[in-house]
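The values are calculated or read from the model by the stated rules, or taken from the named source; none is laboratory data. Keep in mind the model is a prediction, meaning the values are calculated, not measured. As a convention, Cβ positions derive from the backbone with ideal geometry for all residues, glycine included, and neighbour counts pool all protein chains shown. In case anyone asks, the SASA skips ligands and DNA or RNA and just uses the protein heavy atoms, side chains included. Shrake-Rupley method; radii C 1.70, N 1.55, O 1.52, S 1.80 Å.
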Amino acid sequence: MTIDLGLKDKVAIVTGAGGGIGRAIAVEMARAGAKIVINDIGVSLGGEGGSASPAEETRAMIEAAGGEAAISTDSVADWDSAQKIVQCATDSFGRLDAVVNNAGILRDAIFHKMDPADWKSVIDVHLNGSFYVSRAAAPLFREQQGGAFVHMTSTSGLIGNVGQANYSAAKLGIAALSKSIALDMKRYNVRSNCIAPFAWSRMTSSIPANTPEEKARVEKLQRMTPETNAPLAVFLASEAAREVTGQIFAARLNELFLFNQPRPVRSAHAETGWTPELIAERALPAFRAGFQPVDVSGDVFAWDPM
């Protein structure tokens, strides 16, 4: 049975589409019939520099396969620029149906050595950028009574990772942003979901590979190409996912995951209220068995990608 994704002649913005996961999503979305706004400012992994060449390469790939694409080199990290990204879609194609918030940078450092400027830069691109572009698209989606947001979160935020306080905070914040959009815009038939992607790309190429163990881990990661994440993003942007909103997914080579979301796991009650001493005496023993381990992503996803 062939399922119609309903993306023919629809218009999608994909931020950070000049390479890696963003490019893979843009190309796959175009293959499904959508017209694409390729947003990329062509900076380094750390956010320095700037070039239109990566976006132009993605457009060439889309056009070579018979698709249509426009380029926006405006930054997601600025409100006025984000509005220009959305305007590029309406100016180029007359409409907008989906936004994929994928743009990102890394400024990794152990927490007690993290420069506040590196904290701000990562938050600005990942979290503020996702808000700005989504907020700029929201009036269009509201007016047309429909639209889809797909945001890139990360297991660095959902689970944890060492040396990525800025990135982890931004990515967990994106999950909350997506849920808020899903709640606030449900009445307008607007959907919002997250993907925690697994891929060997520029964003993960800085992982050290010095010891035999590190080299073995990198070899496994390299099997997870950016392209393995694209089908899930295209599905979530399509009409086939019209009943899916407020969810968090992950794509890991040939595996797909649905994540749970925080809910109470244990409770305790004190008839006359709590004191610090009473919490130590009664609540702590009651809660201890429900404490979550201080895991990193690799502890939870400990098996080889399948």
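Values as computed for the structure displayed
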| item | result |
| --- | --- |
| Matching residues, region 161-173, being outside any helix (DSSP H, G or I) and either open to solvent by less than 10 Å² (accessible area, probe 1.4 Å) or of a type in the set (S, T, N, Q) (or both) | ASN161, GLN164 |
| Candidates ARG142, ARG135, ARG217 - the one that is under 23 Å from GLY246 (Cα atoms), of a type in the set (Lys, Arg) and out of contact with any Phe, Trp or Tyr (no Cβ under 6 Å at 6 or more places or on another chain) | ARG135 |
| Residue selected from region 78-102 under the condition open to solvent by less than 20 Å² (accessible area, probe 1.4 Å) and small (Gly, Ala, Ser), by the criterion nearest to SER130 (Cα to Cα) | ALA82 |
| VAL37 vs. criteria touching a Cys at 6+ places or on another chain (Cβ under 6 Å) and among the hydrophobic types (A, V, I, L, M, F, W, C) | yes |
| Residue in region 184-193 that is modelled with pLDDT under 95 and part of a loop (DSSP other than H, G, I, E, B) present | no |
| Region 172-187: number of residues that are free of Cβ contacts under 8 Å to residues at least 12 places away in the same chain and of a type in the set (A, V, I, L, M) | 1 |
| Count - residues of region 290-306 that are of a type outside the set (Phe, Trp, Tyr), surrounded by fewer than 12 Cβ atoms within 10 Å (Cβ to Cβ) and either under 30 Å from TRP200 (Cβ atoms) or without any contact (Cβ under 8 Å) to a residue 12 or more places away in the chain (or both) | 7 |
| Pair list, Cβ under 7 Å, 6 or more apart: region 2-18 residue at positive phi and in contact (Cβ under 8 Å) with a residue 60 or more places away in the chain, other residue among the acidic types (Asp, Glu) and part of a loop (DSSP other than H, G, I, E, B) | GLY16/ASP40 |
| Residue match in region 256-274 (condition: modelled with pLDDT under 95, within 21 Å of MET29 (Cα to Cα) and open to solvent by 100 Å² or more (accessible area, probe 1.4 Å)) | no |
| Residues being open to solvent by less than 20 Å² (accessible area, probe 1.4 Å) and over 22 Å from the mean Cα position of the chain (by Cα) - total across region 68-77 | 0 |
